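The structure appears right after this line, and notes come after that.
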Amino acid sequence: MITDLGRIRNIGISAHIDSGKTTLTERILFYTGRIRAIHEVKGKDGVGATMDSMELERERGITIQSAATHTEWLDHQINIIDTPGHVDFTIEVERALKVLDGAILVLCSVAGVQSQSITVDRQMRRYNVPRVAFVNKCDRAGANPARVTEQLREKLKHNAVMMQIPIGLEDKLEGVIDLVKMRAFRFEGENGEQIIEGEIPASLKVEAELRREVMLDAASMFSDELMEALLEGTATEDMIHTAVRNGVLSTKLTPVFMGSAYKNKGVQLLLDAVTRYLPAPTDIDNTAIEVMRGGEEREFILSHSPEAGLVANAFKLEEGPYGQLTYVRVYQGTIRRSDDIYNSRTGKKVKVGRLGRMHASQMEEITEACSGDIIALFGVDCASGDTFTHGDRISLSSMHVPEPVVSLAIVPSDNKAANALSKALHRFTREDPTFRAHVDDETGDTIISGMGELHLEVYIERIKREFGAGVTSGAPQVKYRETITCPVDFDYTHKKQTGGSGQYAKIQGTLEPSDDGQFHFDNKVIGGNIPSEYISACEKGFAGSVDHGQFIGAPVQGLRVILRDGASHAVDSSDMAFQVACRAAVRKYYNHGKPVALEPLMLVSLEGPTEYQGEMIKTLMQRRGVIVGTTEDEGFVRVDANVPLAEMFGYASVLRSATAGKAEFTMEFARYAPAPAEVTEQLVKKFQDKRAEGH
């Protein structure tokens, strides 16, 4: 185990779907000696890529779960997380980025910066992750890494600079020219394992000089030493590397590398760049919050020292062949087998049984792990995002978890299947915070919710395969919301006398819309007309009312309650009386606030050949889509539109038939927006019918 933190790299590999992330990871594992043979994502040998260990991943040729592995290169330990490309599994990317120190952003040299590249880049910015870019598939027809670098600058606003130029392109790709060394590198042998270094071909010398000048200009902005050396003509390779590394760590420079993972070209030089430019754990300041005695909170920077108190973050749970696995990033201190550790959220003590280092679905047992490492714990009861310490009340910042937007009812075929379904849902909801399950109060149906059709489809398939539960599912349902659009005053008195002590509570105030979509409660009662001990009961009563609105029965999005006045009775008032009064006030006054139904609006991005632009736009317009942008680039067009989620079910097959399978789309949740009158009428009627039936 490497204990020098300066030689550890925790990196992620992220990109748009089908940009070759998993293929690249497979090559990295091969060249670093982690695996002995290369298998393709959809290879003819039927084995599948190492990191796609799930049967469904190999069948579909997509990554569904992020997978962790570790390897070594140039005396550095590299922990790698391969993340899914599809937006439905975005939580896997969020989880990985939160615990990583650096990332490789993989781009296709033909398609360039695609819609999911933009999403992934936005996520990386959220967690301030330094990155290098790898332009893959330079062997494909239409490959143009210079254009992709330009797109990185224009579309993603990166200060992107080419560190290499290709020797040949498309089927003539031979290797790359390193602009720091000013040498040519070719990759020979059956799997490109022999690196042949040589002179730059005469035909590329001028271009190499020009590109190097641009690279040096950009790099010198991050090192005064390099700038002076360039003026004096004494710049060395080390100076350039240091300057580029400074730029990467500040996230103000993105060095661009290139090659073809599939054709085994350029991957080893990318690995050199990972060890050279991406940050070690000690280069990143991670903050945590400690709860002091008396309840005060103190934010502080973790020390990275293996000798300091333990702070570790559980970022992913998984049930596998080895039982319950909890993936943990250790930020500070050391964790050893048989240690007693504490879950900061629950305060519970946990005994560390086994520790392991994961290599896709395989595991190597270890006895300890120290700060900077990513490992797996076995049989530890916790939730995703929990912090472990040796007893200190410390927690790390939470992860961004998007709300699910699609739901459907799922029915077990018999009692045996019902038990298996219950176990499956218990496990999956613990593993994936964007996958939710609940029993509908009104219908008694089990409802599962997730980020998209594919997300739920994959879980239903896993329920059937991994738990042997025969289930049938209903049509996907949209998760609607509702809100009021104007303030409404309320004045309500709850009074009940049924013998013995009665119930009395009087409340006055205002219900009004809130712009941030959250529930807010403002207490503006003065003079003690409502005694302070009943104020929290009022807040609880109002908060309980937002789960089911009075207009269409959907959760209320964005409501502010201002409690101004009221009255109580010395004997008959109680917590319960005020809670009942608040709920009844909402029932009585909510619909005076001109409520509207809200439907989820998705940002849909279509990409395909320009000749199908008309058809692509037509399919969106037929779905109440509003086009928000169109860009054309060398025979390809990208159309961005806002489309209601309700119109997007089954869209994949419609788009395929309209464009002969040549266009693809991604979508992600954009916002909630008022539903059209026709949809609102249907929702109101459905809600009223349910009420009339007594639900």
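The values are calculated or read from the model by the stated rules, or taken from the named source; none is laboratory data. Small disclaimer: the values here were computed from a predicted structure and weren't measured. Because the Cβ atoms are built from the backbone with ideal geometry, glycine has one as well, and the counts that use them run over all protein chains shown. Heads up: the accessible areas ignore ligands, DNA and RNA and are worked out on the full protein's heavy atoms, side chains in. Shrake-Rupley method; radii C 1.70, N 1.55, O 1.52, S 1.80 Å.
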Item to check | Qualifying residues in the stretch 369-380 (those that are open to solvent by less than 10 Å² (accessible area, probe 1.4 Å) and among the β-branched types (Val, Ile, Thr)) - the one modelled with the lowest pLDDT | outcome: 380
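Here is a list: 81, 118. Which entry is on the phi < 0 side of the Ramachandran plot, outside any loop (DSSP other than H, G, I, E, B) and touching a Lys or Arg at 6+ places or on another chain (Cβ under 8 Å)? Full working, then the answer.
Numbers: 81 fails: touching a Lys or Arg at 6+ places or on another chain (Cβ under 8 Å).
Answer to the check: 118.
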Checklist entry - Looking at the stretch 10-27, is at least one residue in contact with a helix residue (DSSP H, G or I) (Cβ under 7 Å, 6 or more places away or on another chain), open to solvent by 30 Å² or more (accessible area, probe 1.4 Å), of a type in the set (A, V, I, L, M, F, W, C) and modelled with pLDDT under 60? => result no
Item to check | Filter result for the condition that a residue is of a type outside the set (Phe, Trp, Tyr), assigned to a helix (DSSP H, G or I) and under 36 Å from the mean Cα position of the chain (by Cα), over 627, 617 | outcome: 617
Checklist entry - Of all residues in the stretch 595-614 being part of a strand (DSSP E or B) and either free of Cβ contacts under 8 Å to residues at least 40 places away in the same chain or of a type in the set (Asp, Glu) (or both), which is nearest to residue 449 (Cα to Cα)? => result 599
Item to check | Checklist (1) assigned to a helix (DSSP H, G or I); (2) at pLDDT 70 or above; (3) not small (Gly, Ala, Ser) applied to residue 56, failing item | outcome: (2)
Checklist outcome for this item: Counting only residues that are closer than 28 Å to residue 481 by Cα and polar (S, T, N, Q), the stretch 511-542 contains a total of 4
Next on the checklist: Would you confirm whether or not the stretch 105-112 contains a residue that is more than 23 Å from residue 606 (Cα to Cα) and surrounded by fewer than 23 Cβ atoms within 10 Å (Cβ to Cβ)?
Outcome noted: no
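Each row is one residue, and each column tells you yes or no for (1) touching a strand residue (DSSP E or B) at 6+ places or on another chain (Cβ under 7 Å); (2) at pLDDT 85 or above; (3) over 30 Å from residue 357 (Cβ atoms).
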position	(1), (2), (3)
382	yes, no, no
404	yes, no, yes
416	no, yes, yes
423	no, yes, no
464	yes, yes, yes
475	yes, no, yes
Checklist entry - Out of the stretch 349-376, which residues are under 22 Å from the mean Cα position of the chain (by Cα) and part of a strand (DSSP E or B)? => result 358, 359, 374, 375, 376
Checklist entry - Does at least one position in the stretch 313-320 carry a residue that is modelled with pLDDT under 85, open to solvent by 40 Å² or more (accessible area, probe 1.4 Å) and over 27 Å from residue 423 (Cα atoms)? => result no
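Which one is most open to solvent (accessible area, probe 1.4 Å), of the residues in the stretch 156-173 that are over 12 Å from residue 135 (Cβ atoms) and in contact (Cβ under 8 Å) with a residue 60 or more places away in the chain?
It comes out as 159.
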Next on the checklist: Can you find a residue that is open to solvent by 40 Å² or more (accessible area, probe 1.4 Å), in a loop (DSSP other than H, G, I, E, B) and of a type in the set (A, V, I, L, M) anywhere in the stretch 122-134?
Outcome noted: no
Checklist outcome for this item: When the stretch 343-368 is checked residue by residue, the ones that are open to solvent by less than 50 Å² (accessible area, probe 1.4 Å), of a type in the set (Gly, Ala, Ser) and touching a residue at least 60 places away in the same chain (Cβ under 8 Å) are 360
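Out of the residues in the stretch 93-126 that are among the acidic types (Asp, Glu) and touching a residue at least 60 places away in the same chain (Cβ under 8 Å), state the one that is farthest from residue 165 (Cα to Cα).
Keep residues of the stretch 93-126 that are among the acidic types (Asp, Glu), which gives 94, 101, 121.
Then keep just the ones that are touching a residue at least 60 places away in the same chain (Cβ under 8 Å); that gives 94, 101.
Values: 94: 32, 101: 27 Å.
Selected residue: 94.
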Next on the checklist: I'd like the full set of residues that are in a loop (DSSP other than H, G, I, E, B), in contact with a strand residue (DSSP E or B) (Cβ under 6 Å, 6 or more places away or on another chain) and open to solvent by less than 30 Å² (accessible area, probe 1.4 Å), limited to the stretch 287-307.
Outcome noted: 302
Checklist entry - If you check every pair at least six apart or on different chains, which have Cβ atoms under 7 Å apart with a residue in the stretch 512-536 that is at negative phi first and a residue that is assigned to a loop (DSSP other than H, G, I, E, B) and polar (S, T, N, Q) second? => result 513/485; 520/514; 530/568; 531/568; 534/568; 534/573
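Is there a residue being within 30 Å of residue 655 (Cα to Cα) and either among the hydroxyl-bearing types (Ser, Thr, Tyr) or modelled with pLDDT under 90 (or both) anywhere in the stretch 531-542?
Looking only at the stretch 531-542, we keep the residues that are within 30 Å of residue 655 (Cα to Cα), and these are none.
Within the stretch 531-542, not a single residue is within 30 Å of residue 655 (Cα to Cα) and either among the hydroxyl-bearing types (Ser, Thr, Tyr) or modelled with pLDDT under 90 (or both).
For residue 153, indicate whether it is part of a helix (DSSP H, G or I), closer than 26 Å to residue 102 by Cβ, of a type in the set (Lys, Arg) and within 24 Å of the chain's Cα centre (by Cα). Write out each step before concluding.
Details: part of a helix (DSSP H, G or I): yes; closer than 26 Å to residue 102 by Cβ: yes; of a type in the set (Lys, Arg): yes; within 24 Å of the chain's Cα centre (by Cα): yes.
Yes, satisfied.
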Item to check | Residue, nearest to residue 266 (Cα to Cα), within the stretch 182-219, restricted to residues that are open to solvent by 90 Å² or more (accessible area, probe 1.4 Å) and part of a loop (DSSP other than H, G, I, E, B) | outcome: 190
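Would you mind listing the strands (runs of 3 or more DSSP E) fully within the stretch 491-594 where at least 1 residues are hydroxyl-bearing (Ser, Thr, Tyr)?
Numbers: elements: 503-513, 519-523, 559-567.
In the stretch 491-594, 503-513 are the strands (runs of 3 or more DSSP E) which contain 1 or more residues that are hydroxyl-bearing (Ser, Thr, Tyr).
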Checklist entry - Only one residue in 234, 251 is under 14 Å from residue 132 (Cβ atoms), β-branched (Val, Ile, Thr) and open to solvent by 10 Å² or more (accessible area, probe 1.4 Å). Which one? => result 251
Item to check | Residue that is least open to solvent (accessible area, probe 1.4 Å), among those in the stretch 563-612 that are polar (S, T, N, Q) and out of contact with any Ser or Thr (no Cβ under 6 Å at 6 or more places or on another chain) | outcome: 573
